[in-house]
Every structure is written in C-alpha cells, then in structure tokens.
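For reference, the structure is listed below as structure tokens.
All of the numbers you see were taken from the coordinates with simple rules; none came from a lab. Values in this document were obtained by computation on a predicted structure and should not be read as measured data.
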Amino acid sequence: MTHHGFDNDKQVLFYENEFYCLSNFSSFMVEENRIVYMTSEHLYHCKKFTNENIIKEIIESRSAHDTQKIAIKNIKEVRPDWNDVRIKVMKDILVLKVNQHPYVKKKLLDTGNREIIENSWKDDFWGWGENKNGQNMLGKLWMEVRSEIA
C-alpha cells in the first residue's frame, strides 16, 4: 500500500499509523439508536440505504472492508439524496465516535493544530488521493470536530 509520508509538526497523516483510530476502519464500535455498529464504516454504509435487508447485511458484516463490498454490490439501492447528505452523515458519525471513546477524543486532541489528512492514495474525496491534491473531506471533518470539542 502506498503512503505519502509520516506525521510531522504541521500534519497528521492517518490511515495505518499512530492516529489510525481516526480511520473509519479502526475497531471502535459506534452506537446509534441502541444499535451497535462494529466500526464507524459500518454505520456510514448503513446510512446509504433504506432497504432493511441491506442494512441488516451491513450491520452483520464481519469487517469494514466487507461493508464496502456490500455497498458496492447494492449501489443501485443507495438513497437518492446520498450525495447531498453524506458529509453531514459522516460528521455526525465522527461526533458519536469521539463522544463514545475517550481514547479517540484524546488522540484527536493530541493532533493539536496540525492539519489532519486521511493518507489514502485511493480516495481523493475522503482522503487526499494519489497525487495529494484530493479533497481530504474526512480530514477536514475531523478538524471541525476537534475545534468543536477543544
């Protein structure tokens, strides 16, 4: 897997390193409406759908990677307003994760004032992508959450 570098005094690059807990694939369960999701990635993909069978399959999936496969397999069932709501949905999930896990909150605050970057070469919307010029939306949302809890 290609990575673009390591944390420094200006940036926190999370994907697999010290700040991996900020990844949606990290094994921090998230609870919403009395349902426990194995990872924040599970909850995120559940929010894409209204079909209860797809949601159940995602909830019961064994890994965050499996949730992606299920979502891709059911791409035609994604709710029509998804692109309009996905950023707010993600931010709400990050807030849940921070509020439910003191360790994640501490690690987020440990980033200080540094820029937070999802160090993913394959995603230029949530991460910064292969050429380091992606939108890094997940990193931006983490910085918003950090500023709200600091």
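Just a few scattered comments:
- Most mobile listed residue (Lys48, Lys97, Lys132) in the chain, GNM with C-alpha springs under 10 Å: Lys132
- Normalising the Debye intensity of segment 15-60 to I(0), with uniform scatterers on Cα atoms only, and taking log10 at q = 0.15, 0.27 Å⁻¹ returns -0.39, -0.94.
- The long axis of helix 82-100 is offset from the longest Cα principal axis of the chain by roughly 70 degrees.
- Helix 64-73 axis versus longest C-alpha principal axis of the chain: approximately 50°, rounded to the nearest ten.
- Our summary gives segment 1-80 a relative contact order of 19 percent, counting only alpha carbon pairs under 8 angstrom and 6 or more residues apart.
- For the listed residue pairs Lys47/Lys88; Lys48/Lys132; Lys10/Lys105; Lys69/Lys107; Lys76/Lys97; Lys10/Lys132, the alpha carbons are over 23 angstrom apart in Lys48/Lys132; Lys69/Lys107; Lys76/Lys97.
- Every pair of different Cα atoms in segment 1-129 enters the Kirkwood calculation, which places the hydrodynamic radius at 15.4 Å.
- Cα centroid separation - segment 26-72 against segment 100-150, whole Å: 21 Å
- Using alpha-carbon coordinates, inclination of helix 137-149 to the longest axis of the chain, degrees: 70 degrees
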